[in-house]
Amino acid sequence: MILLNFLLIAPALLFGYLTEEQMEAFNRDGFLVVPNFVQGEECDNLKAHVEEMLAHFDPSTVKTIFDTTSQIAVTDQYFLESASRIHFFFEKEAFNKVGELIKPKELSINKIGHAMHDLDPVFNRFSRTDSLRQVTMDLGLLNPLLLQSMYIFKQPFIGGEVTCHQDATFVYTNPNTSIGFWIAIEDATLENGCLWAIPGGHLTPLKLRFVLKEGKPTMLTFDNTPWDLKPMIPLEVKKGTLIILHGHLPHMSYANRSPKSRHAYTLHVIDSSSDYPKDNWLTRDPSFPFKGFN
Ligand code: FE2
């Protein structure tokens, strides 16, 4: 049980952002919804910055689909290199039968990842705030490392489903110290594909682990029992809300068939005191190490 209990925090360890009730709720449910964590204006600024990034992005330079049902990019190399770069991944349904984009590029991208928090000054500032550092400390990560960032679009009409998973499958440490921060940049509703989660599901041992085996992305299976989705509850939130996700929490989102996008920014943090195995998919050259909040 030590592996699962690492993140079950003693309420006495208060660092200043989360209340005792919020920490108890996180320990009980494996997730916590924190409304108004980011000002609406900051969300708008980040969104405008992303629009600018997309304006400079030439889609002909890459044709990589992020298949949200298998969670594996079609082009392995481009995906693996994104650990230390800013790469663009298309929605699966963005192309016609002959491989041409059906819609404008800004309505075709599934996500951007995975090193914006280190490479882009705007994302760096958005990620390394005092509030987020305090929350991380409250959660017991005293030596945090910011591993990966994603800007997720959940595009109107074609935003793909993200099947039920545990984030520690992709951000693995031993013992588990993986925490996901999910910030709504736009309102997330049932209509446009909000998150769903199983309260208390974080007590489930890790079922899958995504590793590099002889340089190839490979999924290791520890438990192939399908998730029981009946206990899932929707997490409809307003823009600016932070949702904190325990690394073992089962969560998902349905496809977006509505005319509204559902932008979100996610950041995954671990504690450097836990073991980060060399075969984790997310690896960087020693010249570009993972960093904390400073
Ligand atoms: Fe996730």
What Kirkwood hydrodynamic radius, in Å, does the range 82-212 give when the mean of 1/r is taken over all pairs of distinct Cα atoms and then inverted? 16.9
Listed residues H263, H49, H251; largest mean-square fluctuation, Gaussian network over the chain with Cα springs below 10 Å, found at H49
Could you pull the accessible area for R85 with a 1.4 Å probe, rounded to 10 Å²? 110
Testing the spin-label approximation: label points 7 Å from Cα along Cα→Cβ at V98 and S272. State their distance in nm. 5.3
For every other residue with a beta carbon closer than 12 angstrom to the beta carbon of P175, add +1 if it is Lys or Arg and -1 if Asp or Glu, then tell me the sum. -2
Keeping all protein chains in place and using 1.4 angstrom, which order do M23, M150 fall into by accessible surface area, from largest down? M150, M23
Mind checking which lysines have their Cα closer than 20 Å to the Cα of K92? Skip sequence neighbours fewer than 8 apart in that chain. K63, K103, K105, K111, K154, K260
Whole-Å distance, taken between Cα centres, linking the range 76-122 and the range 148-176: 14
Please give the charge dipole size of the range 210-294, origin at the Cα centre, charges +1 on K and R Cβ atoms and -1 on D and E Cβ atoms. Round to the nearest 20 debye. 540
Estimated dipole of the chain in Debye, rounded to 20 [Cβ of Lys and Arg +1, of Asp and Glu -1, Cα centre]: 480
When the distances between all Cα atoms of the chain are binned every 5 Å from zero, what whole-number percent does each bin get? 1, 5, 12, 17, 20, 19, 14, 8, 3, 1, 0, 0
Which one, V171, T221, L195, projects farthest toward the positive side of the charge dipole computed for the chain from Cβ point charges (K/R +1, D/E -1)? T221
Take N36 and F57, extend 7 Å from each Cα along the Cα→Cβ direction, and tell me the distance between the two endpoints in nm. 3.3
Sort C164, C194 from largest to smallest accessible area, using a 1.4 Å probe on the heavy atoms of the protein chains. C164, C194
May I ask for the net charge around A115, where only other residues with Cβ less than 14 Å from the Cβ of A115 are counted and Lys, Arg are +1 while Asp, Glu are -1? +1
The chain: calculated mean residue ellipticity at 222 nm from DSSP helix runs of at least 4, using -39500 (n - 2.57): -5000 deg cm²/dmol
Given the options L146, L229, L195, state which has the largest fluctuation in a GNM of the chain using a 10 Å cut-off (strictly under) for Cα springs. L229
Putting +1 on Lys and Arg Cβ atoms and -1 on Asp and Glu Cβ atoms, find which of I158, T19, P231 reaches farthest to the positive end of the dipole of the chain. I158
Listed residues D76, D58, D29, most fluctuating in the chain (Gaussian network, C-alpha, under 10 Å): D58
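The values are calculated or read from the model by the stated rules, or taken from the named source; none is laboratory data. What you see is a predicted model, and the numbers here were worked out from it, not measured in a lab. Please note: Cβ atoms are built from the backbone with ideal geometry, for glycine as well, and neighbour counts cover all protein chains shown. Note: accessible area is taken over every heavy atom of the protein model, side chains too, but ligands, DNA and RNA are not part of it. Shrake-Rupley method; radii C 1.70, N 1.55, O 1.52, S 1.80 Å.
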